[in-house]
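A.B. asks: Pasting a structure below so you can have a look.
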């Protein structure tokens, strides 16, 4: 056996096995361990749609709260991400104002949290104060204070319902109040939520409002999100064009009717004397150029209409 000579096919098989082994090693290096406890992820296109919904919600809420509180309110969407329910609650302050929200007709519960730095100044404003007290209050919200905030919460939930209306008719309702995030038990710790963080500015006051929506509810609405975008595309040729035309109708444009003839240098222009003649080399039948905001658009001629001069368009200018 020691003196045996390998055939060419046996040599090829040896190198083939070596190549396959190296390819398998390379593939194993690219593989990553999968954690089955990881929250289920929502498709990126659907996540973008949810992001747009809450941007509209932030704009509407700023107007609604400004009218309700009789003060300038700015609402900015500052964070938007997918987290596990445990990570979401651990990031909330304690104590704080937590409201469990029903999502009828869908099964599930969302969470609305408003920081104490906002809650107590708002209560002071609703009771006739200025809301500019510098004292930092860290206690829990009482039942009486919760009843005072019901009007504010109705406005928030109404704007939230309006923002989601193009996708689904969700009736956001208050199911429970809580002050400690650790006591919330309506979602499993590893269940995924879409966490929306908004910064509210009321005068010199600043605070956060956080919303957590179960990802499973958002995934159930995937088909409705697709229908929403298909409807928008079909309406773009009609309603959208009419809307854009309505917006640009009051705009002004600058127009000129020009006789585009030969040019002359500045030095020659300065040397002109009385009695000099300039040859324009412009045929009488040649149309004038109609310039719109500096761009050539039409050809035509200057005409008289009543006691005014006007420009009659003959044809679009050649490109």
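The values are calculated or read from the model by the stated rules, or taken from the named source; none is laboratory data. No experiment lies behind these values; they were computed from the predicted model shown. Don't worry about glycine lacking a Cβ; one is built from the backbone with ideal geometry, like all the others, and counts go over all protein chains shown.
A.B. asks: Kindly indicate which of 296, 270 is surrounded by 10 or more Cβ atoms within 10 Å (Cβ to Cβ) and at pLDDT 80 or above.
C.D. replies: 296
A.B. asks: So if I check each of 141, 156, 78, which one is touching a residue at least 60 places away in the same chain (Cβ under 8 Å) and touching a strand residue (DSSP E or B) at 6+ places or on another chain (Cβ under 6 Å)?
C.D. replies: 78
A.B. asks: Of the residues 188, 163, 176, 195, only one is assigned by TED's automatic domain parsing to the domain that holds residue 52, in a helix (DSSP H, G or I) and touching a residue at least 60 places away in the same chain (Cβ under 8 Å); which?
C.D. replies: The conditions single out 163.
A.B. asks: When you check residue 141 against the structure, is it part of a loop (DSSP other than H, G, I, E, B) and either at pLDDT 90 or above or crowded, with 17+ Cβ neighbours inside 10 Å (or both), yes or no?
C.D. replies: Answer is yes for this residue.
A.B. asks: Select, from 112, 83, the only residue that is within 14 Å of residue 179 (Cα to Cα) and within 27 Å of the chain's Cα centre (by Cα).
C.D. replies: It is 112.
A.B. asks: So, one more: Go through the range 96-122 and count every residue that is touching a helix residue (DSSP H, G or I) at 6+ places or on another chain (Cβ under 7 Å) and in a loop (DSSP other than H, G, I, E, B).
C.D. replies: Within the range 96-122, residues that are touching a helix residue (DSSP H, G or I) at 6+ places or on another chain (Cβ under 7 Å) and in a loop (DSSP other than H, G, I, E, B) number 3.
A.B. asks: Take residue 133 and decide whether it is crowded, with 16+ Cβ neighbours inside 10 Å, in the same structural domain as residue 164 (by TED's automatic domain parsing) and farther than 14 Å from residue 193 by Cβ.
C.D. replies: No; evaluated as a whole, the condition is false for this residue.
A.B. asks: Return the only residue of 83, 92 being buried (at least 17 other Cβ atoms within 10 Å of the Cβ), touching a residue at least 24 places away in the same chain (Cβ under 8 Å) and in a loop (DSSP other than H, G, I, E, B).
C.D. replies: Of the residues listed, the single one that is buried (at least 17 other Cβ atoms within 10 Å of the Cβ), touching a residue at least 24 places away in the same chain (Cβ under 8 Å) and in a loop (DSSP other than H, G, I, E, B) is 92.
A.B. asks: Of the numbered conditions (1) buried (at least 19 other Cβ atoms within 10 Å of the Cβ); (2) at pLDDT below 85, residue 186 satisfies every one except a single condition; which is it?
C.D. replies: (1)
A.B. asks: Considering only the range 232-239, I want to know if a residue exists there that is out of contact with any strand residue (DSSP E or B) (no Cβ under 8 Å at 6 or more places or on another chain) and modelled with pLDDT of 85 or more.
C.D. replies: Among the residues of the range 232-239, not one is out of contact with any strand residue (DSSP E or B) (no Cβ under 8 Å at 6 or more places or on another chain) and modelled with pLDDT of 85 or more, which makes the answer no.
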